[in-house]
1. Determine, yes or no, whether ASP196 is in contact (Cβ under 8 Å) with a residue 60 or more places away in the chain and of a type outside the set (Ser, Thr, Tyr).
2. Return yes when LEU241 is surrounded by 18 or more Cβ atoms within 10 Å (Cβ to Cβ) and more than 24 Å from PHE368 (Cα to Cα) and no when it is not.
3. Of the residues ILE208, ILE169, which is under 27 Å from ILE107 (Cα atoms), touching a residue at least 40 places away in the same chain (Cβ under 8 Å) and within 20 Å of the chain's Cα centre (by Cα)?
4. Cβ-Cβ distance below 7 Å, separation of 6 or more or different chains: which pairs start in segment 238-265 with a residue that is without any contact (Cβ under 8 Å) to a residue 24 or more places away in the chain and end on one that is assigned to a helix (DSSP H, G or I) and aliphatic (A, V, I, L, M)?
Amino acid sequence: MRIDPAGVLLGGFGLAAGLALPLVTVAPNRLVSGQGVSLWAVGQRLGPQLEQVTGQDAWVADVSSTALALALALVVTSLLMLSLIAFWRKAAMGPDGMTVALGVALIPALLLLAGRYALHISQNESTLSRTALGSGFWVMVLVVWLAVSSALQRLRAGWALGAGVRAVIAGCVLAALALGWCDQLSLMREFANHADTLGAAVLRHVQIVVLTLLPALCIGLPLGWMVNRSTRLRQWLLPPLNVIQTIPSIALFGLLMVPLAWAAQAWPGLAAMGVSGIGLAPAVVALTLYSLLPVVRGTQAGLAQVPGAVLDAARGMGMGSAQMFWHAQLPLAAPVILAGIRTATIQTVGLAAVAALVGAGGLGAIMFDGLFGSAQDLVLLGVLPIVGLAVLLDLGFEVLNRLAHVRTGGTV
């Protein structure tokens, strides 16, 4: 059997992380730095300890339920993934299939293990203590994710199967959280404390992204078309857009505060529309400026790569300029244009977090509250939804990109 060097390397990293890095950190309260607890130490505390059995029947039952839950999670998800892969590929997948199945099971199992340890600390030591996910947990999750992705690539799994595997991982994690198995983790306690504001923050973040992309597309797509047709315009327009990309986001937000405040004072109608030196206006203007370059570049590159023979054939069929654009150029350029819009969208989702510093709100407000209050898990509470939103949008663009390829007869 051929040994996969990448798999050996990932396995070594995962083993080293499990042995050397803390699975969780335990702190006496929210503001004090925690002390790391390794995976081995967590297993020892949650394992059967004969010297602690006396008078702790409830704890023994809790240990048994934890072990049973972990075993069931491993067995059920492994069998599910092996069955899915075997059905999809019409054959047993061997080591790579087992890697995918075990990887899918290990991520929720690690989360469940950390959650049960947090419950044990809360019940047996102090209700004020905070158990946070440690660096070992995140490294092991990353290693498992990479191992699963590598195995799927070796299996030559299609996009749908890969998306299904990742959906199963996300579903298992969300199920563990929804069932309350991780409620005593510091991250979930922060979620409980901010549940009334988190939903509004997510909606505000989405609002910032939408209000940014609408003008970016309305301006960037025509500019990309014009740049493709005019070399002089390209030389004049692209350098300023490149310079804007080099300006730090917080600096650009600050530079826009004064002119927008002046404009709102000079024209009361703008102020009535909500334009001011702080809040949503500078955030949307700055993020729109950042989004223009990938949209313009993507549109120009997509239109430029359309073969001249296609245009000649369309012209020979009697098509006018507008018909050539809509029926020949745009369909062939769509995948590249979508790639530029995709880049602008994911970039905006991330940069919108910084907009909280100028009063725009969103998930960045939660993230910076955690930074200023030295609350690491509150930072994660703001960051993780941003990552999730970016992943979902990226998945949506992947679907659109494949549909565009299929429509133009390209390979997926």
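1. Judged against the criteria, ASP196 is not a match.
2. On the way: surrounded by 18 or more Cβ atoms within 10 Å (Cβ to Cβ): yes; more than 24 Å from PHE368 (Cα to Cα): yes.
Taking the combined requirement at face value, the residue satisfies it.
3. Exactly one residue qualifies, and that residue is ILE169.
4. Filtered contacts from segment 238-265: ALA263/LEU270; ALA264/LEU270; ALA264/ALA271.
Residues checked against (1) surrounded by fewer than 17 Cβ atoms within 10 Å (Cβ to Cβ); (2) more than 30 Å from GLY134 (Cα to Cα); (3) assigned by TED's automatic domain parsing to the domain that holds LEU133:
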position: TRP181; (1), (2), (3): no, no, yes
position: GLY199; (1), (2), (3): yes, no, no
position: VAL209; (1), (2), (3): no, yes, no
position: ARG232; (1), (2), (3): yes, yes, no
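The values are calculated or read from the model by the stated rules, or taken from the named source; none is laboratory data. The structure displayed is predicted, hence computed values, not measured ones. For neighbour counting, all protein chains shown are included, and Cβ atoms are generated from backbone atoms with ideal geometry for every residue, glycine included.
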